[in-house]
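Read-outs: derived from the displayed coordinates by stated rules, not from any lab. Quick caveat: nothing in here was measured; it's all calculated off a predicted structure. Using ideal geometry, Cβ is built from the backbone for each residue, glycine included, and neighbour counts are taken over all protein chains shown.
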């Protein structure tokens, strides 16, 4: 049997074609344009899911994605809103939160234990019977039950796109108010973007009825759409949800896998209104839906929502929906109106059609048929208390509306209501934001359109494109009729469908001492589900007001924060290529077969294994440096140009050593501290002329150092130009006893002889046809030259060095060999051997602190901390024998079984034939000759001998040959 | 022993992009790497006066480039600018300017090494214009970013200079040269099918 209506219905489906998919393995037929939910409804499948806590059957409620009843899983994708997602051929749709099948869900047994699951029960449960019960019993049980849907851990990566757009006016909402606002603003000359979450413009004009004349909405829609499409300055985005409003009108708009971040000068919120359900016993049964849902099913998808209907007319729209149902051939059992008198002027038409009206009545209970899966009847009570049962398979609820307030509240506005909850207002609206339509308090069609036009003109006026309209469009009528929120003695009167919270749960939260709405929310979880309180906020506030003897205005309504609706993490993450940086020598390393490793965004050679295992290749590289010559790409080192009259004085303030008197042509070690006296960075400074310093920094700290220098230069008002030239210059460290011979084998105007180019000298000139800056410094402890040159010359230089060194045993070496080489010399690595508290004194670097300079950054703190005394000291240690204990970096140093330090650097030294390392230890233990206890990662403790640094070449003679 | 070697210059994308002799025809969507082309940057006290003395006065607004015979003058600050060569012009223009700078006494600003610090990409064609919102959060609407406009901003999650050509048909990007490969990957990701090449210089 099909529930399809005939022609004249179904504006979104293409009946000339068909499609089929499966739902829980059952074949479902539909048409292009159907959503999953509409196709299921057309096939008589009204149960879509099971509720979170009690596993109650749930079905269509809003038919516009504003509830969690329609969440389904499609293949690997969980939490798909079936009333929004288009059906497509061949997809396999499955229900969520089901144990067994949707119709026979074993999880429903939990509802029988509902009395043991009152509000906030989890704060008082799961503590026993034993201490281990939580981890062994309850946690696994809860984890298995938690969540909706199943996440696949090996799902194929999806592509998400992010873009940024700017506009003069952003209009959110493409219903009558939004269309009118967008058209007016665009006609005035503004660049307008109109965002509508439905697949077509029009909003309620596409499905609702506004009068006995069913075509009124369509005529308005055609006129507005035609005007909109004719405006070149109006850009329309349909199927796009504005998911929040951030500072200065920065708004995320989500359309499928695309996130469009829009910056708007003026913002118009025409976000409409959300129809509200009613609270009564079993108000969650499939077959109970909002009037707008029934109209969407009929007008958009040509689906008959039921065979025999009861309509609750909590406002005029209920009567209009009844006319639609009658037009569609649905039998109307009764129209239930809580008001005793006719306020809607529709009595004559209803009487003409013979539609029965029960005035002054309320709904008390809904009952399900056999199996409990669908509505079978409702119970209606009149003012005298007499109850009557009405058989039906459809209950259409027109429970009134609340305005679409979320985005306005994101902007800092406030939502207020009168004490009966029948009229709403949004106040404290910030500048550059304009409300239109229902958001502005209007609910009649003419008023909504007029208010939209006014909002568009106000936005244009703020841009200087038009004159601002005078006055506000008056609200012609209330939002809803006041409906009671009283508990049913048997319960199951749901206030929050997502969380299965009933009236008594909210009342009990108040009774437990939580009087304030924000606390009730957090205690009970009301409003925390996927619907985010769209339907629960007002009834909850009214219950709290009643139980605390306060007015609704005094209680207020909980605020709203972004996001407005669900958003995939992929939209927030960045799926564009991850940033990486290559030195100019990268092709050379790849060609040489280097194993590359990331160092921040940079990629650097770890080792050049060749045909050997990496461990042996590393040993070979170390031997090459110690016995012959090696070259290392150090292009990632930070490089800063400091030029100008105050360059030397500036360096004197930034660094701890004396640079103002540094001779031209000399290189000096640089140590930078922060204002706490902790080590920030180190490097060297080559004085190239009186007013020109070339300064190096560590790869990881150069950006921070550059920012700090720029700040301090501005504060001190010094005349020095500071430029970060890290990427502009490549750098090669040529090191080993034969390094000089390699350089002397190349054409150059630099005299590399020992007497002409001593340790800590710097020279500028030409080498192998390239301009170079060469510094004789040492990290490895061997004769070393650090060759800096423009990055475009680096490959040629590398090749020239390789050719010149071919007969001298020259080999490239990588980071791991470099790490061991410098460790053998006891040289620290900033960020590895230092942390945020490391002072020069802790590292035995008091020699780097000038005693004569009156000021350098951190001087005062260094002296103050020195007076306090140190609690740790970095020292060198060796392990006698092997490393069976598996000591490594971060291994703890212990004293009397308590941690008092840790290992910062560690490795096997081929040059001294031992395991060596650096570690923090108490000062009294960090002296040569002492022993420290280290706990290896095997769990074993081992004693290590503290030794003097460096481990290799203690006189440092090799670097000064 | 000395070994005579002629220094050659290498550019990051030399092995990834085919070399072409001329810029692609207008109307097609291309990414062309111009990093090998001559350019010169100056910064610091004396820059503006020295450039004015060479007949290259910095344009008043910092956000507007100026096309002159054989070069484009891109101001970056009151005392900072980069001079880009005309891809099809006389390659000696920048060289002669640099020689004049070296020979000039100060104050004349400092060499900003812009021929080494920055890669230089040119994007042309309709796909490039459409992809701008994917590359940067800058307002690139024609009224906000017209022909000859210059912006120092963030592009592809990096600091960059972006300028629109005087005829509005091309977009030039100047950014960290070490990120050349990443930038190529990024643009090919967001503009599938864009054609790529490099001018050898």
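The Cα center of the range A:803-845 and the Cα center of the range A:1-78 differ in position by 65 Å. May I ask for the distance between the Cα centers of the range A:370-443 and the range A:657-715, given as a whole number of Å? Using only Cα atoms to place each centre, the spacing works out to 66 Å. Compared with the dominant principal axis of the Cα atoms in chain A, helix A:216-229 is inclined by about 30°. Considering only DSSP beta bridges whose two residues both sit in the range A:276-401, what percent are antiparallel, to the nearest 5? Roughly 40 percent of the DSSP beta bridges within the range A:276-401 come out antiparallel. On C-alpha positions alone, give me the angle between the axis of helix A:794-805 and the longest principal axis of chain A, in degrees, nearest 10. Helix A:794-805 sits at roughly 30 degrees to that axis.
Taking every DSSP beta bridge that has both ends in the protein assembly as shown, the antiparallel portion is near 75%. Averaged over the residues of peptide A:742-749, the number of Cβ atoms from other protein chains lying within 10 Å of each residue's Cβ is 2.
Per-peptide packing, taken as the mean over residues of other Cβ atoms within 10 Å, places B:90-103, A:9-22 in the sequence A:9-22, B:90-103 from highest down.
For A:136, A:825, A:367, the sequence from fewest to most other C-beta atoms within 10 Å is A:136, A:367, A:825. Going from the residue with the fewest nearby Cβ atoms within 10 Å to the one with the most, A:578, A:782, A:24 rank A:578, A:24, A:782. Computed over the range A:276-401, the quotient of the alpha carbon radius of gyration and 2.2 N^0.38 Å is 0.96.
All alpha carbon pair distances within the protein assembly as shown were sorted into 20 Å bins beginning at 0; the resulting P(r) in whole percents reads 10, 30, 28, 24, 8, 0. Distance between the 7 Å Cα→Cβ label points at residue A:578 and residue A:860: 4.3 nm.
Kirkwood hydrodynamic radius computed over the range A:261-344 comes to 14.8 Å, based on all pairs of distinct alpha carbons. The spacing between the range A:513-590 and the range A:232-292, judged by their C-alpha centroids, is 15 Å.
Averaged over the residues of peptide A:575-586, the number of Cβ atoms from other protein chains lying within 10 Å of each residue's Cβ is 6. Let me have the relative contact order for the range A:870-960, percent, based on Cα pairs under 8 Å that are six or more residues apart. Once normalised by length, the contact order is 35 percent. Dividing the mean sequence gap of close Cα pairs (under 8 Å, 6+ apart) by how many residues chain A holds gives a relative contact order of 8 percent. The mean sequence separation of alpha-carbon pairs under 8 Å and at least six residues apart, normalised by the residue count of the range B:44-201, gives a relative contact order of 20 percent. Only beta bridges with both residues in the range A:28-113 are counted; by DSSP, about 100 percent of them are antiparallel. Please identify, among B:81, B:52, B:178, the residue showing maximal mean-square fluctuation in a Gaussian network model of chain B using a 10 angstrom Cα cutoff. Sorting by GNM fluctuation, first place goes to B:52. Residue ranges A:554-567, A:387-400 sort as A:387-400, A:554-567 when ordered by packing (mean number of other C-beta atoms within 10 Å per residue, highest first). Peptide A:161-172 shows a mean partner chain C-beta count of 4 within 10 Å per residue C-beta.
This ranking places B:139, B:33 by how few other beta-carbon atoms lie within 10 Å of each, fewest first, which gives B:139, B:33.
By how many degrees, between 0 and 90 and to the nearest 10, does the Cα long axis of helix A:537-547 differ from the longest principal axis of chain A? Tilt of helix A:537-547: around 70 degrees.
Based on Cα atoms of the range A:494-559, Rg over Rh with Rh as the Kirkwood radius reads 0.91. Taking 25 °C and 0.890 mPa s as the conditions, I'd like the Stokes-Einstein D for the range A:386-428 in µm²/s, using the Kirkwood hydrodynamic radius from alpha carbon pairs. Result for D is 184 µm²/s. Each stretch of four or more DSSP H residues adds -39500 (n - 2.57); spread over every residue of the protein assembly as shown, this sum gives -6500 deg cm²/dmol at 222 nm. Semi-axes of the equivalent ellipsoid for chain B, computed as √(5λ) from the eigenvalues of its C-alpha gyration tensor and ordered from largest down, come to 27, 23, 15 Å.
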